[in-house]
Each structure stands twice: as structure tokens, then as C-alpha cells.
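Enquirer: Got a structure for you, written out below as C-alpha cells; questions coming shortly.
All of the numbers you see were taken from the coordinates with simple rules; none came from a lab. Here the structure is a predicted model, which is why all the values come from computation and not from measurement. Virtual Cβ from ideal backbone geometry, glycine too; neighbours counted across all protein chains shown.
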Amino acid sequence: MVERIEKLQKLLPDDIDAAIIISSVNRRYFTGFKSSAGVLAVTKDKAIFIIDFRYIEAAKKSIVGCDVVLQNSLYGQLKDFFSENGVKNVAVESGYMTLAEHSSFQKALSSVNIYSDNRLNNLIDNLRKIKSKDELCKIRQAQDLTDEAFTHILNYIKPGISELEVALELEFYIRKKGAGTAFDFIVISGEKTSMPHGVPSEKLINRGEFVTMDYGAAIDGYCSDMTRTIAVGEVCEEQKWIYEITLKAQLKAISAIKSGVKYKEIDEIARKIIYSLGYQGKFGHGLGHSVGLEIHEMPEFNMTCCDVTEPGVVITVEPGIYLEGKFGCRIEDMVYITEKGCIDLTASEKNLIII
Ligand SMILES: [Mn+2]
């Protein structure tokens, strides 16, 4: 990923000579290589990736844009690299490095100053925020598979089947196609649907219940995220009503998304609809979040986010209504923000499905 490393080099602050990237997600972003170990060190004109024996052959074959070096003594190698390149000030990823790692690096690399302020972290978040064509393509593929799995699961769900069985069937379908899962799937039914992040259990799905499924695939590390609430057998008037309001809020919010709007203003559109129709306080989470190599990326998409939307950001739109002890519903799509609007990447049916 030569271009990404070059961008980072150009954007390093004046008083910083080098960056150390140790998080697996950012290593993958800059090298395109997935590993559970390794350190990427980047100066303003050089980059090395130090990786242990388990990965060295594959890393050498796949990584371009930096020297791939076999790890023998990590700190010694970093020290040499820094002294050869006159590095004095080094930035680390404040959002990912643990305090223990920070203190080890500081102790072992006593000849340089380690900067753990948020600048490197913010800089990388900003790069990752705007998706390239290639990244969008992978996110689309992941969402297409998620949509396919939805069609499949509609034929699978019936009264008497457990939440766990449904969750596993979704996961099996996705993994069989060679993709990974974006997170632990949520499949909940009946009263449990009032808990936005309820956990699937052996509870059986019954007639008259909502089933909420929040799940997604990952392709080459890029995640998709979708939620659908469906009903089994029949629904009562209030179930129908909260579903309709949620859908209305979601459609209104999506139609308001375009570049140059504050995220919180879009959140407010959806929230006002839900709150004004009798469900004040029953939509207790943000409207959405950015998605990419991680399922939750920056920026957030909630009532306090003053960031302004930009073309190239992929974001979820997921309002819900949750009635404790009764039921709840959520509808979530993933959209790609453009100059004049947004492209909805999710194709699955959104009108209430009763099976
Ligand atoms: Mn989500």
C-alpha cells in the first residue's frame, strides 16, 4: 500500500520524525498484510516492517512500499533504524497502544522521545475515514453477501427454532462463501428485542414475536453491518406502529445525507420523528457509525457529533425503538456518502416482513 504509507509520511507533523504502528488494524491498513504481530516504523522518507518468522515469507511476497525485515531483536532493530535516520521524536497510536507497551517502548528506546498525544491517531483515523474505490468495492461485496444471507435466513426461520440456531446459520452461510464475520452476531426475539445489544441464546422463536438480526460479513478485513427486524406469524398493532415509525425515521435520515452536513443534524431528523410520535427516550443510542476495517470507526454518528459529512465516508443509519419488557425493533443500512447525497449499499427488504 505504497500510496497510504506515502500519505502518512507527508502528513507527519513537523516536530515528529517517525511513527510506530503496532495495532493490527493499522498495520493492515498501511501494508495490506494481515498478521497478529509486527511493527511498522515510518520516517518521512523510509518505512520498515519488522515481522517474526511465522509471517516473514508471506509478508515479503505481498508487501510493497516498505522494507520487510525479519525480527530478531525488535527494540534493537528499531533503535538502529532510528539512529541511522536521525530520528529523535516518535509518535505512537494513542488509541491502540496499551500503557504497558508504551512504557516498554519508552524504556527500550531511551534515545528517542515518544509522543503519545492524539495527533498520529487522528491523522490515521482521517485517512481511514475516506474510502478508496478498492475499499468501497470490498465493503460492497461484504454487504452483498450479508443481503444474500438475509434471503437465505428468511427461509430458515420458523417457530420453534432457537436464536442461536439462526445466528449460527447466518454465520455458517457467510463463512462457507469464504468471508469472515464482522462481529458477534445479534439474533434476539420476543421480549429480548427491547435490548439493542442482546445476546443470542437457546430461547426458541415463537409466533407473534419480533426477531432482530444485526450481523455482517467481512471481506479482506472490510466489514458490513446490517440490522433487520422481522415478525413471525402475526404482529400486534403496536409492533406494526413502532416498526413503521422506525422505518420512517430511517428513510428520512438517509434522504438527508449528503456532503457538508453535521452528523448530529441528521441524527436529530431521525430522533425527532421517533420522539414526537410518542417514543421520547426510547431510541437511546446514536443513529450510526462509520465502518471500514473496523466495525466502529470514526466519525461517530450521534446527537453530539459536530463533524461534517464528507464524500467517501461509509456510515450506518440505524434508528430503533426499544420498549422494555415488551419488544423493540431496529432497521440498519450502510450508506456511502457522496457530494449530493448518498448511495445505500444495503439491498435487503425494509418493509415489515412477516413469516
Ligand atoms: Mn451498526
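Enquirer: Where q = 0.10, 0.11, 0.15 Å⁻¹, what log10 of I(q)/I(0) comes from the Debye formula for the chain, counting one point per Cα?
Expert: Here the Debye-derived log intensity ratios amount to -0.69, -0.80, -1.18.
Enquirer: Ok, one more. Which whole-Hz ³J(HN,Hα) couplings does segment 128-142 yield from phi under the Karplus relation 6.51 cos²θ - 1.76 cosθ + 1.60, θ = phi - 60°, glycine and proline marked x?
Expert: Result, ordered by residue: 5, 4, 8, 7, 6, 4, 5, 5, 4, 4, 5, 5, 4, 4, 5 Hz.
Enquirer: How do 274-284, 203-213 rank on mean C-beta neighbours within 10 Å, highest first?
Expert: 203-213, 274-284
Enquirer: What FRET efficiency, computed as 1/(1 + (r/R0)^6) with R0 = 51 Å and r the Cβ-Cβ distance, is obtained for Asn118 and Glu349, rounded to the nearest 0.05?
Expert: With a Förster radius of 51 Å, E is 0.75.
Enquirer: What does DSSP give for the chain in terms of the percent of beta bridges that are antiparallel, rounded to the nearest 5?
Expert: Once the DSSP bridges in the chain are tallied, antiparallel ones form about 80 percent.
Enquirer: What nm value, rounded to one decimal, do you get for the distance between Val308 and Ser201 when each label is placed 7 Å out toward the C-beta?
Expert: Simple spin-label model gives 4.8 nm for this pair.
Enquirer: Mean projection of the alpha-carbon convex hull of segment 2-128 over all orientations, in nm²?
Expert: That works out to 6.8 nm², a quarter of the Cα hull's surface.
Enquirer: Glu310's amide H: which non-local residues (gap 5+, or another chain) put their own amide H closer than 5 Å, with H modeled 1.01 Å from N in plane and none for Pro or chain starts?
Expert: Gly260
Enquirer: So what J values fall out for segment 189-201 if you push phi through Karplus, 6.51 cos²θ - 1.76 cosθ + 1.60 with θ = phi - 60°, rounded to Hz, Gly and Pro as x?
Expert: Karplus values, whole Hz, x for Gly and Pro: 9, x, 4, 5, 5, 7, 9, x, 10, x, 10, x, 9.
Enquirer: Just order 82-95, 315-328 by mean Cβ neighbour count inside 10 Å, highest at the front, would you?
Expert: My ranking of the peptides, most packed first, is 315-328, 82-95.
Enquirer: Taking amide H atoms as placed 1.01 Å from N in the peptide plane, list the residues 5 or more away in sequence, or in a different chain, whose amide H sits under 5 Å from that of Ser201.
Expert: Glu163, Leu164
Enquirer: Run the reach check for Lys248 against lysines, Cα to Cα strictly under 24 Å, same-chain hits fewer than 8 apart removed. What comes back?
Expert: Those lysines meeting the cut-off are Lys192, Lys240, Lys258, Lys262, Lys264, Lys272, Lys282, Lys326, Lys340, Lys350.
Enquirer: May I pose another question? Please compute P(r) over all alpha-carbon pairs of segment 1-60, binned at 5 Å starting from zero, and give each bin as a whole-number percent.
Expert: P(r) over segment 1-60, rounded to whole percents: 4, 20, 31, 24, 14, 6, 2, 0.
Enquirer: Can you list, largest first and rounded to whole Å, the semi-axes you get for segment 67-208 by taking the square root of 5 times each eigenvalue of its Cα gyration tensor?
Expert: Equivalent ellipsoid of segment 67-208: 47, 19, 15 Å, largest first.
Enquirer: Ok, one more. What number, in percent, do you get for the relative contact order of the chain if the mean sequence gap of Cα pairs under 8 Å and at least 6 apart is divided by its residue count?
Expert: Once divided by the residue count of the chain, the mean separation gives 14 percent.
Enquirer: Take the alpha-carbon positions of segment 133-344, form their convex hull, and give its projected area averaged over all directions (one quarter of the hull surface) in nm².
Expert: Projected area, direction-averaged: 10.7 nm².
Enquirer: Starting at the first residue of segment 71-86, write each ³J(HN,Hα) from the Karplus equation 6.51 cos²θ - 1.76 cosθ + 1.60 with θ = phi - 60°, in whole Hz, x for Gly and Pro.
Expert: 6, 10, 9, 3, 5, x, 5, 5, 4, 4, 4, 5, 6, 4, 9, x
Enquirer: Next question. Treating the beta-carbon of each Lys and Arg as +1 and of each Asp and Glu as -1, no other charges, what is the dipole magnitude of segment 133-344 about its Cα centre, to the nearest 20 debye?
Expert: Its charge dipole is roughly 440 debye.
Enquirer: Right, next: Let me know the charge dipole size of the chain about its Cα centre in debye, to the nearest 20, where only the beta-carbon of Lys, Arg (+1) and Asp, Glu (-1) is charged.
Expert: With only Lys, Arg, Asp and Glu charged at Cβ, the dipole is about 340 debye.
Enquirer: Summing -39500 (n - 2.57) over the DSSP H runs of n ≥ 4 in the chain and dividing by its residue number, what mean residue ellipticity at 222 nm do you reach, to the nearest 500 deg cm²/dmol?
Expert: -11500 deg cm²/dmol
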